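Have a look at the structure below, then the notes.
Nothing in this text is a laboratory measurement; each read-out follows from the coordinates by a stated rule. Given the structure is predicted, the values throughout are model-derived calculations rather than measurements. Reconstructed Cβ throughout: ideal geometry from the backbone, glycine too, with neighbour counts over all protein chains shown.
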Amino acid sequence: MRFSDLKKIKAAAESDTRAAQPRREAPPVLAAPAPAPVPVPAPPPAREAVPAAVPAPAAPEPARQAAPKPKPLPQIPFHESEAKAKEIYSRLMGQAISFLKAVDQPYCEKYESVLAASALAAETLKNNPAFLGCTVQSTADDYLRGHTLNTFILALAMGLEGGLDSRELGLLGFCAMAHDAGMTEYAPIYNKAGRLDDGDFSEMSLHAEAGAAKLDRIVDIDHRIKDRARRIILQTHERADGSGYPDRATGEELDPLAQIISIADAYEAMTHPRAWREAIDPPAAVKELIEKEGRGFNASAVKMLIAVISIYPPGSLVTLSTGETARVLKVNRGLLSRPVVEIVLAPDFSEAAPQLADLREQPLVSIDRGLTFSELEEMNPVYAGKLELSRWWTDW
């Protein structure tokens with residue numbers, strides 16, 4: 001779907017919302033059955049008083065209390081986290097737009113500001129469970145802006161997962177922000193409607209070298225850091241098997257940070273629309289990247305990405321064992337198929353009152369399968385239009 005179609009969808013969705021009446025009561029919140037009450041034994045009979053000459057028996061040690069179980073994710077705080085995440089995402093979007101404009105100037109000071117943005121994004125990733133889900137957004141006027149920011153956030157999430165120290169994490173964030181800086185010279189090609197031909201792709205492949213060259217315009221970066229940053233940016237489109245560009249570098253020739261950015265860039269590109277193609281559903285993109293492990297992409301980088309986004313990444317649509325349709329909001333670390341979801345459609349695909357369900361805390365509920373966006377369009381086209389509309393970062 002192209003952005004030019006969205007205003008029609010927006011108008012139709014708003015009209016449907018005004019006219020629609022509630023189709024059914026909201027489904028009950030999913031919860032495990034309450035345990036049966038445990039009978040409390042009667043207290044033992046009181047002992048006779050012990051004579052003063054006889055020492056009293058030692059008092060028994062107090063019973064150790066069991067560690068409290070983790071509480072389920074509260075519904076209201078998570079939505080508050082979403083609001084804060086969107087606010088920070090909007091601020092960082094301004095940084096990405098400003099950076100892409102600045103590097104087209106003869107000189108600029110952007111290194112320190114991108115380091116500050118990296119620190120903010122990393123801290124938000126650690127403390128805000130909704131922030132990673134913001135990367136489902138696409139920018140309407142120029143895809144490169146959203147792609148730059150989303151790749152930046154995904155790469156930092158992978159860097160945190162890999163245990164990078166603050167210096168390496170800052171460099172990773174800067175290079176992720178700059179990895180497609182050379183693409184600004186090819187806007188007429190990448191914004192062209194219709195499928196690109198081999199000549200278009202061949203010309204755009206020069207952007208890696210163009211982006212590396214633009215580092216010389218950034219005057220507040222140390223030359224030693226600049227040399228490594230240039231190498232990383234050149235290598236973000238290389239592949240472990242030598243099938244990438246511009247130098248067909250392989251394996252150990254590739255900088256570890258370049259390999260992180262490489263797969264973050266690929267996943268983001270696959271799961272977001274372009275002027276010439278539709279987006280791929282996130283679970284299908286994950287499957288394809290796993291299949292390329294060790295060939296197109298470094299195996300450790302693939303594992304880092306899966307640890308961060310799981311097999312049902314934020315933004316995925318899934319069908320639950322209850323028959324309901326849900327949207328994945330947050331990955332539960334170490335539980336690939338039990339994320340936090342928002343139930344949005346009833347088993348008959350009618351729109352339901354949204355409610356959160358943390359599948360880590362709901363042992364009786366599971367994900368049956370991923371639901372493709374084309375299936376959703378067939379079963380509930382109005383809701384599909386609303387969802388499509390919500391994924392565009394724009395001011396109407």
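Quick rundown of the values:
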read-out: Label zone at A299 (point 7 Å along Cα-to-Cβ), backbone N below 20 Å, region 249-283; value: 250-264
read-out: Efficiency of FRET between D220 and V382 - r from beta-carbon atoms, R0 56 angstrom, step 0.05; value: 0.65
read-out: Pairwise Cα inverse-distance average, inverted: Kirkwood Rh of region 74-309 (Å); value: 17.9
read-out: Region 74-309: relative contact order in percent, alpha carbon pairs under 8 Å with at least 6 residues between; value: 20
read-out: Cβ-defined net charge surrounding P256, 14 Å radius [Lys, Arg +1; Asp, Glu -1]; value: -3
read-out: Quotient of Cα Rg and 2.2 N^0.38 Å for region 248-299, N being how many residues it contains; value: 1.23
read-out: Cα-based Kirkwood hydrodynamic radius, region 311-396, one decimal, Å; value: 13.2
read-out: Computed label-point distance, nm, for sites T372 and F201 using a 7 Å Cα→Cβ extension; value: 2.1
